[in-house]
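The values are calculated or read from the model by the stated rules, or taken from the named source; none is laboratory data. Given the structure is predicted, the values throughout are model-derived calculations rather than measurements. In this analysis, Cβ positions are derived from the backbone assuming ideal geometry, glycine residues included, and neighbour counts consider all displayed protein chains. SASA here: full protein model, heavy atoms, side chains in, ligands and nucleic acids out. Shrake-Rupley method; radii C 1.70, N 1.55, O 1.52, S 1.80 Å.
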Protein chains: 2
Amino acid sequence: MAVNLRAPNPASLAPVDGVELGFAEAGIRKAGRRDLMLMRLAPGARVAGVFTQNSFAAAPVQVCRNRLATGHSIRALVVNAGNANCGTGEAGLRAAERTCASVAAAIGCAPEEVLPFSTGVILEHLPVERIEASLPACIATLGAANWAEAAAAIMTTDTVAKGASRRAEIDGRRVAVTGIAKGVGMLEPNMATMLAFVATDAAVAQAALDRLVREVARASFNRVTVDGDTSTNDSFVLVATAQAANPEITDPGSPAYGVLKAALTDVSATLAQAIARDGEGATKFITVRVAGAASEDEAARVAKKIANSPLVKTAFFASDPNLGRLVMAIGNAGIADLDVSRVDLYLEDVKVIDRGGRGASYREEDGARLMRPDEITVRVELGRGSAETTVWTCDFSYEYVKINAEYRT
Amino acid sequence: MAVNLRAPNPASLAPVDGVELGFAEAGIRKAGRRDLMLMRLAPGARVAGVFTQNSFAAAPVQVCRNRLATGHSIRALVVNAGNANCGTGEAGLRAAERTCASVAAAIGCAPEEVLPFSTGVILEHLPVERIEASLPACIATLGAANWAEAAAAIMTTDTVAKGASRRAEIDGRRVAVTGIAKGVGMLEPNMATMLAFVATDAAVAQAALDRLVREVARASFNRVTVDGDTSTNDSFVLVATAQAANPEITDPGSPAYGVLKAALTDVSATLAQAIARDGEGATKFITVRVAGAASEDEAARVAKKIANSPLVKTAFFASDPNLGRLVMAIGNAGIADLDVSRVDLYLEDVKVIDRGGRGASYREEDGARLMRPDEITVRVELGRGSAETTVWTCDFSYEYVKINAEYRT
């Protein structure tokens, strides 16, 4: 069902010096599929992450937050699919810690140097022993060229593995940026995302990396929504291995920071769009641009209201130019002093709403024609200022209901 | 598809002295169905209303707000289905005014004494001439016993007409409270509701009536949600005709105020529940009770997050005890300092979540059994205070997508 999305060609995902990836079938929820992924990092790698704002943050998210806060070096990330280890209380925290300890023993580092990640069903206990039993097989596969296999091993209801890669030149050194992500439902990342791991061999100071992960999340994963439900396990982690031997990036105002940020954002936005293209039941990929806002937050509020409205999403599914639903969604964004007589709305380049009312030149036939393609752009002008943003989403089909009614069965 | 809901027996809807109802087929969007309703009020009736908080409030909503703000007496309400007269700019306002003027001329009052209401497709111009052409037929049917027919005439995608009635005794006088409502989708009333009209023959001072309409809305229509999309046309109007000749109710602290408020709330909550029971594609009626909150607003935020989550709603549709989705929804309510280790959750009387984690005694079989019935209650204890609220909603089925993908075709 994914909209214009294919699994990445493994050869297109550039290895990142200092990163090796392994995978295994641990049988965490279903037998016969890869559901365990290990990312081993060379000494000296720096790691930064942002995580879900859901109050019921999963046990592995809590462990990650604590470890990253202490400034410990990180030598490995371990990821399981099929079980979210969330709503599992103290036992869940112990399960996450034990997973880390087992990985640490197997690869020779301290437990505090391992970050755990989980995705899958909430409110069920993590079968740690199955992870432990599969670790040797996982470690045996470790290799720098395994990004595509790693992307496949972290999928749940994803239909297509998600990966992207770019190269850039920083202070005369070639650097690689490669990332993978998963996620297609329970998806409206808030300050974070579903699981996404992006690595570069550039050398970046910790403070600069901490800043980059937030800036990049804001311009990529925080701009995608499938169903408006923010997961308990969203995690976006940025790894910088320093193997490219460029002068360490420290200054957010430097050209090197800008070049790396552009490459990271490009990879991350591609992954974020892949998530919407593979959104549960998606038949269309929708881009919502909101401009003329008083602030970027305000623009995002309007864009998300449009992107999350079940009525707007079912109209896209039906290719029905029921564009009054867009009016309704804009009006619900909670902008107290919105002057609707200054609001314009375009479907592609056709003006549908002109100063708050139906455009004089708008014809139903144009709407019907523009709603048919599987990629559609909606553009809103609020007439309040100069801030703008873009949000990516998908439509809402029978298949979404089917997938989520049958997820566990 | 409506869940345990039948159209009211016409005999069960008590006439309200001072209120007559008429109906007609105006062919506003489709031929061969009643889509025009007129409510004529006796001189001396008082009217109060609350309306949508959507920034794109429809033209009739704007006209109603203005008229009620001036304190004009009101002699008639005119309601059309099939066209929302929203996103129609100045022309829409003129269409609403012209509708009122035509009604006024036909029944012999001033245009300012008529309130207009519209529901249906947004962003299309109101065919006023069809309304005008049908007014004589509508007026010819005016009668006090027509509440059931009036309820049917304001339906859009509703499958069942919605009406409720109660009697009460105030200061020794018998009074009637009868109301009708419509609405099944684009439905999360915000300070208001879809179209709902509740009348009583009690005598109520204007200030007391203005207060009652807000208090009753808060305890009824503002507690229901189908899809989280707040309509542009939501209107809840309370009429008090004073025909019962009770001493006029003025004091919100008086027993008479309390008795009338209870009867009004009872009728309005029954109508609000009818809306969720007839929610688009509904197969189950869900009650979400949130207690132990620091404030009623906080309780409502948690309850609405649960009630609006597509993942929670599809799990109810599937009778799948995927109760981790409830955890996810609670965590997304945006309570910054929520201590999840104090949160309990019950499905009916079975404790599923105990202090933030899976209940030790909870068994999957219990969950499966409790998810099967077509009426289900979820209860959350937040452990933060003593405020509580209840929200009513429905599940989310293939049929919701079908109805909304095909609404205009």
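Go through (1) more than 21 Å from B:Ala263 (Cα to Cα); (2) open to solvent by 30 Å² or more (accessible area, probe 1.4 Å) for B:Ala11 and report which single condition fails.
Single failed check for B:Ala11: (1).
Anything in the stretch B:274-307 that is open to solvent by 20 Å² or more (accessible area, probe 1.4 Å) and not in a helix (DSSP H, G or I)? List them, or say none.
Matches in the stretch B:274-307: B:Thr283, B:Arg289, B:Ala294, B:Ser295.
So B:Val160 clears everything in (1) in contact with a strand residue (DSSP E or B) (Cβ under 9 Å, 6 or more places away or on another chain); (2) more than 14 Å from chain A (Cβ to nearest Cβ); (3) part of a loop (DSSP other than H, G, I, E, B) except one condition, right? Which one?
Tallying (1) in contact with a strand residue (DSSP E or B) (Cβ under 9 Å, 6 or more places away or on another chain); (2) more than 14 Å from chain A (Cβ to nearest Cβ); (3) part of a loop (DSSP other than H, G, I, E, B), B:Val160 fails exactly one: (1).
May I ask you to verify whether A:Thr232 is crowded, with 21+ Cβ neighbours inside 10 Å and within 14 Å of chain B (Cβ to nearest Cβ)?
Yes, satisfied.
Working only within the stretch B:21-44, note down all residues that are touching a Gly at 6+ places or on another chain (Cβ under 6 Å) and surrounded by fewer than 21 Cβ atoms within 10 Å (Cβ to Cβ).
Across the stretch B:21-44, the qualifying residues are B:Arg29, B:Ala42.
Does A:Thr178 satisfy the criteria of being surrounded by fewer than 24 Cβ atoms within 10 Å (Cβ to Cβ), more than 14 Å from every other protein chain (Cβ to nearest Cβ) and polar (S, T, N, Q)?
It is false that A:Thr178 is surrounded by fewer than 24 Cβ atoms within 10 Å (Cβ to Cβ), more than 14 Å from every other protein chain (Cβ to nearest Cβ) and polar (S, T, N, Q).
Taking the stretch B:62-109 as the search range and keeping residues that are assigned to a helix (DSSP H, G or I) and within 11 Å of another protein chain (Cβ to nearest Cβ), which one is surrounded by the fewest Cβ atoms within 10 Å (Cβ to Cβ)?
Result: B:Glu90.
Search the stretch A:307-334 for residues that are at positive phi and more than 7 Å from chain B (Cβ to nearest Cβ) and pair each with any residue that is open to solvent by less than 10 Å² (accessible area, probe 1.4 Å) and outside any loop (DSSP other than H, G, I, E, B) when their beta-carbon atoms are under 8 Å apart and the residues are at least 6 apart or on different chains.
Short answer, once both residue conditions are applied: A:Ser319/A:Met371.
So which residues in the stretch B:45-61 are open to solvent by 40 Å² or more (accessible area, probe 1.4 Å) and more than 14 Å from every other protein chain (Cβ to nearest Cβ)?
B:Arg46 - this is the single residue of the stretch B:45-61 that is open to solvent by 40 Å² or more (accessible area, probe 1.4 Å) and more than 14 Å from every other protein chain (Cβ to nearest Cβ).
Residues that are more than 7 Å from every other protein chain (Cβ to nearest Cβ), part of a loop (DSSP other than H, G, I, E, B), open to solvent by 30 Å² or more (accessible area, probe 1.4 Å) and in contact (Cβ under 8 Å) with a residue 60 or more places away in the chain: does the stretch A:386-406 have at least one?
yes
Taking the stretch B:198-229 on its own, how many of its residues are within 14 Å of chain A (Cβ to nearest Cβ) and open to solvent by 30 Å² or more (accessible area, probe 1.4 Å)?
0
Can you find a residue that is farther than 24 Å from A:Asn85 by Cβ and either among the basic types (Lys, Arg) or modelled with pLDDT of 95 or more (or both) anywhere in the stretch B:349-367?
Checking the stretch B:349-367: not a single residue is farther than 24 Å from A:Asn85 by Cβ and either among the basic types (Lys, Arg) or modelled with pLDDT of 95 or more (or both).
Go over the candidates A:Thr270, A:Thr283 one by one and state the one that is more than 10 Å from every other protein chain (Cβ to nearest Cβ), in contact with a helix residue (DSSP H, G or I) (Cβ under 7 Å, 6 or more places away or on another chain) and at pLDDT 90 or above.
A:Thr283
Here are the criteria: (1) at pLDDT below 95; (2) in a strand (DSSP E or B). Tell me which single one B:Val378 does not satisfy.
Tallying (1) at pLDDT below 95; (2) in a strand (DSSP E or B), B:Val378 fails exactly one: (1).
Hey, does the stretch A:114-124 have a residue that's touching a residue at least 12 places away in the same chain (Cβ under 8 Å), surrounded by fewer than 17 Cβ atoms within 10 Å (Cβ to Cβ) and not charged (D, E, K, R)?
no
How many residues are in contact with a helix residue (DSSP H, G or I) (Cβ under 6 Å, 6 or more places away or on another chain) and either within 25 Å of A:Leu238 (Cα to Cα) or at pLDDT below 90 (or both) if we restrict to the stretch A:9-39?
Matching residues across the stretch A:9-39 total 10.
Residues being surrounded by fewer than 21 Cβ atoms within 10 Å (Cβ to Cβ) and among the β-branched types (Val, Ile, Thr): count how many of those fall in the stretch A:321-339.
Residues flagged as surrounded by fewer than 21 Cβ atoms within 10 Å (Cβ to Cβ) and among the β-branched types (Val, Ile, Thr) within the stretch A:321-339 amount to 1.
Against the condition touching a strand residue (DSSP E or B) at 6+ places or on another chain (Cβ under 7 Å), over 30 Å from B:Ala318 (Cβ atoms), more than 10 Å from chain B (Cβ to nearest Cβ) and not in a loop (DSSP other than H, G, I, E, B), how does A:Leu370 come out, does it pass?
Yes, satisfied.
Mind listing just one residue for me: the one in the stretch A:355-366 that is assigned to a helix (DSSP H, G or I) and more than 10 Å from chain B (Cβ to nearest Cβ) and, of those, farthest from A:Asp339 (Cα to Cα)?
Taking the candidates together, the pick is A:Glu365.
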